Amino acid sequence: MRGAVLILLGALSILTVFSPATAGRRGVSAPPADAGVLLILIPSLTLDDVMVMPGLRRIAEEGCSALMSSRVGRPLDAPFVPADFDPLISGYFTLATGARAAAGGGSALILQDSELYGGRTVRQAWEFRHGQSGNGFRLFAPNYQAELRRAKAAPYPLKPGALGGHLAARGIAATVLGNADLPDAPLRPAALFVLDTTGRARSGIVGGEMTRRDPAFPFGLRTDREALLRRVKESLGQNRFIVVETGDAFRYARYDAETLPTARPGMRKRVMESVDSIVSGCLSLLPAGWRLVVASPGQVFDEEGPGASSLAPLLSFRQGEGPGLLTSGSTRRAGVVANTDLATAILHWLGAPAHIGSGQPMEVAPSASPLWEVTAIRDEADYQSKTRGAVRGFVYSSSLALAVSAALACATGGRGLLPSALSLAPPAALTGLLAAGVLRPPAPGGPALLAIGAALAFAVIRFRLASLRITPALALVSAGGVATFCLLGWLAGAPASYEIQGGARYYGLGNEYGGLFAGAMAVLAGALAVRGALGGVAGGAVMLAAAVFAGHPLLGANAGVMLGCLAGAVAVLAAGLPRRRWPAAVLAAAAGVVVVAGLGIADSFRPESRQSHFGRAVAGIRRDGAGAALDIILRKTSLNLMLLQRSPWSLLLAASAGGAAFVSWKCRRRAPAAVWATAGALLVFNDSGVLAAAASSLWILPVLLESRTRLKKL
């Protein structure tokens with residue numbers, strides 16, 4: 001067993017050199033002083049639209065592409081969600097603020113200075129409410145104070161107007177053109193990109209001149225393409241940031257539910273052709289050095305269960321830059337960005353770098369066929385969506401298996417092969433789901449059958465080879481599989497892994513499989529520790545190596561998994577060493593902590609777009625002091641409390657940890673300290689600790705029951 005562990009560690013060291021995470025990127029060059037960004041907003045845009053529309057397809061093939069999640073703040077995130085919560089307008093607000101925001105219809109009420117509000121012009125109403133002059137400003141948001149109050153109640157930093165305010169402070173002229181008005185309601189959510197923190201903007205044309213009557217379009221309104229393009233041409237010489245609201249796509253999103261199913265395809269085709277003609281017209285007007293960006297603020301889907309269809313294409317074209325794939329420090333994956341990155345990326349593209357919300361700047365990864373690669377990512381995400389049923393089935397069936405295994409163990413005094421074999425099924429099944437990410441059996445039944453097959457295989461081995469230490473053997477397979485898949489970049493597509501369609505931020509080693517990996521390494525460390533003092537040192541070294549692997553900046557730096565492995569190292573050393581060996585053990589543990597801390601500190605000094613989440617956290621603490629650390633702690637605590645209440649993984653955590661604790665007490669048997677410590681640290685330190693701790697705790701009961709079974713055989 002010791003030799004196998006050494007082989008595994010050696011393989012990890014060698015494969016690190018060839019990790020795709022080390023691949024280089026082509027950074028976006030600094031823009032000329034007079035360069036600008038032309039942002040075109042198309043709600044509910046899909047990759048299929050890009051494939052068939054000539055203007056959009058040209059940008060995707062000649063420029064840079066990515067998929068962007070459309071996840072926004074959810075109604076579950078009370079108390080900061082408005083009563084009139086609107087997912088589509090929330091998408092605009094999220095893009096403009098760099099944080100997942102939840103907004104209502106009132107957020108899109110943004111009027112030109114001469115338009116009426118409450119019996120007076122909106123400028124007069126704003127001046128009366130604020131006691132300040134509105135001279136020099138063209139747009140006003142009369143309900144903006146409500147947005148500011150709501151933002152203060154958000155569980156993370158949310159600052160409306162940060163983008164527009166920063167542009168104004170840097171002297172960068174910005175404007176918005178077009179509207180998404182309905183016949184009975186003025187809707188101008190695109191103006192959220194240019195408003196400052198007081199709810200005003202100095203430039204913008206959002207009135208009725210941008211629309212005209214057309215009964216063939218939703219609500220009988222159509223964006224006046226000629227008027228809009230004329231305004232774009234005029235604005236190019238006066239502004240460096242121009243936001244274009246295409247309008248028709250927004251109105252179709254509102255009208256879709258009121259349209260007969262047979263009429264929807266034809267109407268959507270007309271709408272998308274109109275939108276594509278606006279995109280093509282803007283592209284023909286684009287000056288040298290300018291960047292044209294096409295973004296979708298949101299999708300008309302259930303944001304509580306987003307599938308691959310909730311992924312929106314993000315297109316960027318600048319002469320001489322493409323073709324390529326966009327990426328960011330949030331995702332660290334070519335062809336994938338977060339919707340919270342756009343506002344920050346705009347500032348960097350304009351040469352006025354700053355951070356808006358949690359966003360990170362975007363870079364370009366060279367690609368000969370970006371549209372094909374983005375399509376492959378979409379298909380991968382679609383496969384993950386189809387495997388959700390298998391993952392839920394794994395969680396519930398594993399919870400039942402562990403509960404039954406614990407009950408049988410207590411009834412037999414911890415002896416017998418059946419409880420031991422049954423307890424092996426969950427970690428074996430999760431390893432089978434891991435393999436499904438590469439083998440890609442037809443979903444949803446294929447991954448489930450693969451998980452069941454893996455569980456049955458190890459259960460049969462348990463019965464056939466009762467004297468074999470099967471749990472460490474399974475742990476070796478699981479740890480080696482997770483590490484290899486992580487290094488080769490395959491974890492991103494595995495079931496129960498990182499989901500770009502859910503807006504998850506990418507770690508090379510995600511939460512569920514990170515927990516499986518940490519628990520498996522703790523099992524291997526414990527197997528070494530029972531061999532005496534030298535084995536305890538070797539076990540501690542195994543956990544320290546696992547911590548370095550999990551915290552390595554080139555592998556995504558999952559700080560929670562890293563701290564879980566460090567806790568396991570401390571537990572192994574504490575349980576297996578005689579007192580006279582403790583000075584050496586303390587020095588070894590301190591050396592490991594220094595190595596891991598050094599990784600984080602070194603990572604924090606790298607270019608910000610290259611930093612991992614771990615390095616970015618260290619940089620934030622170094623820059624902002626204890627306040628940044630407290631903010632991280634509060635956010636992680638809030639998320640874990642929510643998961644404990646609502647995630648099915650909390651049931652699995654209760655079944656595995658609770659069952660193991662009960663068996664340990666009932667059978668008067670000490671539970672494995674390393675796995676307990678690892679699971680506990682994952683629960684406390686990981687951002688989704690419930691998921692990681694549940695996966696890690698799957699190993700506790702098999703180790704506990706295998707030791708009793710072997711004693712009986714001997």
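The values are calculated or read from the model by the stated rules, or taken from the named source; none is laboratory data. It should be emphasised that the depicted structure is a prediction, and the values quoted were computed from it without experimental measurement. All Cβ positions, even for glycine, are placed from backbone atoms using ideal geometry, and neighbour counts span all protein chains on display.
The listed residues are A190, A154, and the only one of them that is of a type in the set (A, V, I, L, M, F, W, C), closer than 30 Å to G281 by Cα and in the same structural domain as V279 (by TED's automatic domain parsing) turns out to be A190. Across the range 208-233, the number of residues qualifying as out of contact with any Leu (no Cβ under 9 Å at 6 or more places or on another chain) and either surrounded by fewer than 18 Cβ atoms within 10 Å (Cβ to Cβ) or among the charged types (D, E, K, R) (or both) comes to 11.
Here is a yes/no grid of residues against (1) surrounded by fewer than 24 Cβ atoms within 10 Å (Cβ to Cβ); (2) touching a Ser or Thr at 6+ places or on another chain (Cβ under 8 Å); (3) not assigned by TED's automatic domain parsing to the domain that holds A657:
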position: A343; (1), (2), (3): no, yes, yes
position: P361; (1), (2), (3): yes, yes, yes
position: V364; (1), (2), (3): no, yes, yes
position: G413; (1), (2), (3): yes, no, no
position: G416; (1), (2), (3): yes, yes, no
position: G432; (1), (2), (3): no, no, no
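Applying the condition of being part of a loop (DSSP other than H, G, I, E, B) and more than 31 Å from the chain's Cα centre (by Cα) to the range 173-192 and asking which residue is nearest to D214 (Cα to Cα) yields P183. Might you let me know whether the range 435-457 holds any residue that is buried (at least 18 other Cβ atoms within 10 Å of the Cβ), in the same structural domain as A695 (by TED's automatic domain parsing) and among the basic types (K, R)? No: the range 435-457 contains no residue that is buried (at least 18 other Cβ atoms within 10 Å of the Cβ), in the same structural domain as A695 (by TED's automatic domain parsing) and among the basic types (K, R). Considering the range 571-581, the residues that are buried (at least 23 other Cβ atoms within 10 Å of the Cβ) and modelled with pLDDT of 65 or more include one that is nearest to V523 (Cα to Cα), namely V572.
Among residues of the range 350-368 that are modelled with pLDDT of 85 or more, those with a Cβ under 8 angstrom from a residue that is surrounded by fewer than 20 Cβ atoms within 10 Å (Cβ to Cβ) and part of a strand (DSSP E or B), sequence gap 6+ or separate chain, pair up as E363/R26; V364/R26; A365/R26; P366/R26. Restricting attention to the range 144-162, the residues being out of contact with any Phe, Trp or Tyr (no Cβ under 6 Å at 6 or more places or on another chain) and not in a loop (DSSP other than H, G, I, E, B) number 9.
The set of residues from the range 686-702 being under 27 Å from G413 (Cβ atoms) and part of a loop (DSSP other than H, G, I, E, B) comprises L698, W699. With respect to the conditions (1) in a loop (DSSP other than H, G, I, E, B); (2) at pLDDT 90 or above; (3) crowded, with 24+ Cβ neighbours inside 10 Å, F137 lacks only one, and its number is (3). Being charged (D, E, K, R) and either over 28 Å from Q360 (Cβ atoms) or surrounded by fewer than 24 Cβ atoms within 10 Å (Cβ to Cβ) (or both), is that true of even one residue in the range 104-117? Taking every residue of the range 104-117 in turn, at least one turns out to be charged (D, E, K, R) and either over 28 Å from Q360 (Cβ atoms) or surrounded by fewer than 24 Cβ atoms within 10 Å (Cβ to Cβ) (or both).
Number of residues in the range 624-671 that are buried (at least 18 other Cβ atoms within 10 Å of the Cβ), modelled with pLDDT of 85 or more and over 30 Å from R415 (Cβ atoms): the value is 2.
Selection of the range 358-379 for residues being of a type in the set (V, I, T) and either in a helix (DSSP H, G or I) or on the phi > 0 side of the Ramachandran plot (or both) yields V374, T375, I377. In the range 92-115, the residue that is nearest to T175 (Cα to Cα) out of those that are at pLDDT below 90 and outside any loop (DSSP other than H, G, I, E, B) is A108.
All of P323, P297, P287, P353 fail the test of being out of contact with any Leu (no Cβ under 8 Å at 6 or more places or on another chain) and more than 30 Å from P441 (Cβ to Cβ), apart from P323. Look at the range 476-503: where a residue is in the same structural domain as V675 (by TED's automatic domain parsing) and surrounded by fewer than 21 Cβ atoms within 10 Å (Cβ to Cβ) and a partner is at pLDDT below 80 and polar (S, T, N, Q), sitting 6+ places away or on another chain with Cβ atoms under 8 Å, you get L488/S19; G489/S19. Taking the numbered list (1) more than 19 Å from E245 (Cα to Cα); (2) in a helix (DSSP H, G or I) in turn, Q132 passes all entries but (2). Of all residues in the range 375-434, those satisfying the criterion of being of a type in the set (S, T, N, Q), within 14 Å of L705 (Cβ to Cβ) and modelled with pLDDT under 85 are T412, S420. Scanning the range 256-265 finds one or more residues that are under 30 Å from L116 (Cα atoms) and at pLDDT below 95.
For the range 402-437, the candidate set comprises residues that are assigned to a helix (DSSP H, G or I) and of a type in the set (S, T, Y); within that set, the residue that is nearest to the chain's Cα centre (by Cα) is T431. For the range 199-235, a residue qualifies if it is on the phi < 0 side of the Ramachandran plot and among the small types (G, A, S), and the qualifying residues are A201, S203, G207, G208, A216, A227, S235. Do we have F219 as among the aromatic types (F, W, Y), under 17 Å from G36 (Cβ atoms) and in the same structural domain as G247 (by TED's automatic domain parsing) here? Answer is no for this residue.
The requirement of being out of contact with any Ser or Thr (no Cβ under 9 Å at 6 or more places or on another chain), without any contact (Cβ under 8 Å) to a residue 40 or more places away in the chain and in a helix (DSSP H, G or I) is fulfilled nowhere in the range 380-394; no residue meets it. Just one of the listed residues (L158, L148, L236, L177) is modelled with pLDDT under 95 and surrounded by 19 or more Cβ atoms within 10 Å (Cβ to Cβ), namely L158. Touching a strand residue (DSSP E or B) at 6+ places or on another chain (Cβ under 8 Å), assigned to a helix (DSSP H, G or I) and not hydroxyl-bearing (S, T, Y), is that true of L167? Here the answer is yes, as L167 does meet what is asked.
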